[in-house]
Amino acid sequence: MLSLFQRKRASGAVAPLPAPATDLPKGLMRPQSAASLLATPRRQILLEHIWQRTSLSRRQFATLYLAPLHRYAELVQAFPASEAHHHAYPGGMLDHGLEIVAYALKLRQSHLLPIGASPEDQAAQAEAWTAAVAYAALLHDIGKIAVDLHIELADGSIWHPWHGPLLHQPYRFRYRDDREYRLHSAATGLLYRQLLDREILDWLSGYPSLWAPLLYVLAGQYEHAGVLGELVVQADRASVAQELGGDPTRAMAAPKHALQRKLLDGLRYLLKEELKLNQPEASDGWLTEDALWLVSKTVSDKLRAHLLSQGIDGIPANNTAVFNVLQDHGMLQPTPDGKAIWRASVTSSTGWSHSFTLLRLAPALIWEPGERPASFAGSVAIDTTPVDKDADASGQTPAIAAMPPAEDRQSASWKDVGGGSATLQQPVAQAVPDVMEDMLAMVGMGDLPTLRKDAEAASVEVPAAGRSTPAPHLAEPLPLSPAPAYTAAQPSGEHFVAWLQQGIASRRLIINDAKALVHSVSDTAYLVSPGVFQRYAQEHPQVGRLAKQESQQDWQWVQKRFERLQLHRKQPNGLNIWTCEVTGPRKSRRLHGYLLLEPRSIFNDQPPNNPFLKLA
C-alpha cells in the first residue's frame, strides 16, 4: 500500500534542488526545502510544542502532522503573512502558521469534543478532533498566497500555488494592489488538497460532527464552524498579539461558556459512571422531584480528579473555588442568602438519617426528560440554620502550582519544600487555559541555543513529495492514548511513577512547557516540587485519607513515598532538592525539584533538554 498521508504526484520523482547560486538577479530569492526552512531553533521549538500537544508517537506524528507542515513550508517559502501588519517579514507566514497551530492545540486541550457527546465518544474521536484543529489552524491564511501575492519565476512565468511547491526556480513576489482583504478566506478551498491527502480526508470525513465544521472553516465560514472556528480565531488572535507586542494570554482566555461545558460534561459523566444516587444509607447524592442534591466535598473532589485525568488544566484547586466557579456559571441553585452550600438532613425509607452539606442542581441540567432516574424514596429536609459557604471546604487540596520553596528549605526529606502548609503561600489555580505564556515569549528571542535533535525524530524521515515509502496504515481511527493501567492500584510511590509514565506517554502531562511539572534537564527528567505531587494527589483523592492517618498533607505523603524509591539523584552534600534557573526575555524565576537517576524511568523517548532551564 502506498504510504499514508503522503503527497502523491503524477510526475513521479521530484528533481533535486538547484545548486546554491550567488549571482541571482536582484529581487530573486532561491527556494528552500522544507527541512531547511524548518531547521531554525525557533521553529524547532514550535514543532516540539506541537508534538507535545498530540498523543502520538514520533513516527505517527511525522506522517500525520509533520508531512502537512512540510508541504505548508514548501508552499509558503519566505512569504510574509501580511504586507504591513503582523508577521510582515520574510518567512512570516511560516512562523505564523506554526504559532497558530501550537496555540490552537493548546486551546484544544481545554475542550472535551465533540461537545455534548458521551465520554466514550469523545475518547474515540479525540485524535481526529485534535488533528482537525491543527489542520484548520494551519490552513486559515493559506489562501493569501493565491489571491494577495503576485509571484513571478526567474524565467518570467507566473507561479500559482496550485502548480505545486516552489522548488525548481528562483522567484520574486509583490503584493497585488487590487487585492480584496477577505478574499483569502474563500481561496482556502483552492489549496487545502496541497496539504491534506486523500487518506486524511477519508479519515476525518468518518466523523460527521467534525466534518461539517471543518468544511465550514475551509470555506472561510467561521460563523458556522462552532467550537472549531472559535479555536482557530482565538489562536490567530494570540499569534497576532504576540507578534505585535500585545498579550497573547488575554487573546487566549477561554470564553466563559467553554469552562461551563467542561464542568457540565464532567458532572454528567460522574453521575453516569461513578456517583451513587438514592442509596438507602450513605450515598453521593439524592434526586428529589425538584432538585438534585450532591454531597459537596465528594462531588468537588471527584469532578476535579476527573477533569485533570482528561488532561484539562486550570481547574480550581480547592473546594471553595470549585463551588464558586460552579455558582458563577449558573450551575448551582443558591441558598436564600446567595450561598453555594446547603445544609440538609437526608432520611431514607428504612429510617436511616444523616446531616450533610450539599450542592443543589436542577435535574434538567443533567438529564433529558426520558433519561431521568427515579426519585429518592426518602426525604431531604433543608436546615435553615445559616451556614458559611466555606463550611465544606475542609480538606482543601493545595493549588497546582510550580511554586518554589524558600531558598533555605534545602534538607533531605519532604521538609525540603516547606514542611507544612503554613509555609507554602500558593495561589489558587485560575480557571483559564495554560497558554505557554513564558515559553512562547521565550521563543521570540533572537538567538536561541541550538536544540539537540531527538534521536527518534532524526531517524523518522518525512517523505518527500512523490516518494512512496511504507508507513503505518491508519485507515481505521487512530489508536487512542493508552488507558492508564494504574488507576485501580492503591496510591504508592510505584503508583506515582506509573502515573507519570502514562501521563507523559499520552501527553496528558505536558513537558518542557512554561508551567509544566516535568522538564528535561541535564539529560534526565526533572520533577517540579511540590507541583507534580499536588497534581497526583488531586487526581487521586484517596491520597488525602492515607495522608491524614499520618498527619501529613496529601502531596507530602506522595513525595515521601517517591523518595523511598531512591530513583532521584542527590546533590553532593546529600540534599534531595535541586534548583533550576528559568530565564527568558521578560523575566526569570527559580524552580525546585528532583532530578531522576535514569530518565527512562518515566520517558519512553528522551526529549531534548529544555534550553531555558539550567541547574543553579
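The values are calculated or read from the model by the stated rules, or taken from the named source; none is laboratory data. Bear in mind the structure is a predicted one, so any value in this text is a computation, not a measurement. In this analysis, Cβ positions are derived from the backbone assuming ideal geometry, glycine residues included, and neighbour counts consider all displayed protein chains.
Within the range 134-180, how many residues turn out to be aliphatic (A, V, I, L, M) and touching a residue at least 60 places away in the same chain (Cβ under 8 Å)?
The number of residues fulfilling the criteria is 11.
Quick check, is residue 131 of a type outside the set (Lys, Arg), in contact (Cβ under 8 Å) with a residue 24 or more places away in the chain and in contact with a Phe, Trp or Tyr (Cβ under 9 Å, 6 or more places away or on another chain)?
Against the criterion (of a type outside the set (Lys, Arg), in contact (Cβ under 8 Å) with a residue 24 or more places away in the chain and in contact with a Phe, Trp or Tyr (Cβ under 9 Å, 6 or more places away or on another chain)), residue 131 qualifies.
Kindly establish whether residue 152 is assigned by TED's automatic domain parsing to the domain that holds residue 50, more than 28 Å from residue 237 (Cβ to Cβ), at pLDDT 85 or above and outside any loop (DSSP other than H, G, I, E, B).
The answer is yes for residue 152.
Please determine, by comparing only the residues of the range 159-175 that are more than 17 Å from residue 143 (Cβ to Cβ) and out of contact with any Lys or Arg (no Cβ under 7 Å at 6 or more places or on another chain), which one is modelled with the lowest pLDDT.
167
Looking at 124, 81, 128, 117 in this structure, which one is surrounded by fewer than 24 Cβ atoms within 10 Å (Cβ to Cβ), in the same structural domain as residue 222 (by TED's automatic domain parsing) and not in a helix (DSSP H, G or I)?
Working: 124 fails: not in a helix (DSSP H, G or I); 81 fails: surrounded by fewer than 24 Cβ atoms within 10 Å (Cβ to Cβ); 128 fails: not in a helix (DSSP H, G or I).
Of the residues listed, the single one that is surrounded by fewer than 24 Cβ atoms within 10 Å (Cβ to Cβ), in the same structural domain as residue 222 (by TED's automatic domain parsing) and not in a helix (DSSP H, G or I) is 117.
Can you tell me which residues in the range 86-107 are under 17 Å from residue 174 (Cβ atoms) and buried (at least 24 other Cβ atoms within 10 Å of the Cβ)?
Across the range 86-107, the qualifying residue is only 93.
Sort out for me the helices (runs of 4 or more DSSP H) sitting completely within the range 506-616 that have 3 or more residues that are modelled with pLDDT of 90 or more and in contact with a helix residue (DSSP H, G or I) (Cβ under 6 Å, 6 or more places away or on another chain).
Hits in the range 506-616: 554-564.
Applying the selection to the range 357-397, what residues are in contact with a helix residue (DSSP H, G or I) (Cβ under 8 Å, 6 or more places away or on another chain), surrounded by 18 or more Cβ atoms within 10 Å (Cβ to Cβ) and at pLDDT 55 or above?
If the condition is that a residue be in contact with a helix residue (DSSP H, G or I) (Cβ under 8 Å, 6 or more places away or on another chain), surrounded by 18 or more Cβ atoms within 10 Å (Cβ to Cβ) and at pLDDT 55 or above, then 357, 358, 359, 361, 366 are the ones that fit.
Taking the condition free of Cβ contacts under 8 Å to residues at least 60 places away in the same chain, surrounded by 19 or more Cβ atoms within 10 Å (Cβ to Cβ), under 18 Å from the mean Cα position of the chain (by Cα) and not assigned by TED's automatic domain parsing to the domain that holds residue 130, does residue 531 pass?
Here the answer is no, as residue 531 does not meet what is asked.
I need the full set of residues from the range 327-369 which are in a helix (DSSP H, G or I) and under 28 Å from residue 280 (Cβ atoms), in order please.
363, 364, 365, 369
Out of the residues in the range 314-356 meeting the condition of being over 11 Å from residue 293 (Cα atoms) and aliphatic (A, V, I, L, M), tell me which one is modelled with the highest pLDDT.
340
Based on this model, can you work out whether residue 267 counts as outside the structural domain of residue 117 (by TED's automatic domain parsing) and either modelled with pLDDT under 75 or not small (Gly, Ala, Ser) (or both)?
Against the criterion (outside the structural domain of residue 117 (by TED's automatic domain parsing) and either modelled with pLDDT under 75 or not small (Gly, Ala, Ser) (or both)), residue 267 qualifies.
For the range 284-305, enumerate the residues that are surrounded by fewer than 22 Cβ atoms within 10 Å (Cβ to Cβ) and farther than 20 Å from residue 320 by Cβ.
Of everything in the range 284-305, those that are surrounded by fewer than 22 Cβ atoms within 10 Å (Cβ to Cβ) and farther than 20 Å from residue 320 by Cβ turn out to be 288, 289, 290, 291.
Looking at 172, 193, 182 in this structure, which one is surrounded by fewer than 18 Cβ atoms within 10 Å (Cβ to Cβ), within 19 Å of residue 86 (Cβ to Cβ) and in the same structural domain as residue 69 (by TED's automatic domain parsing)?
182
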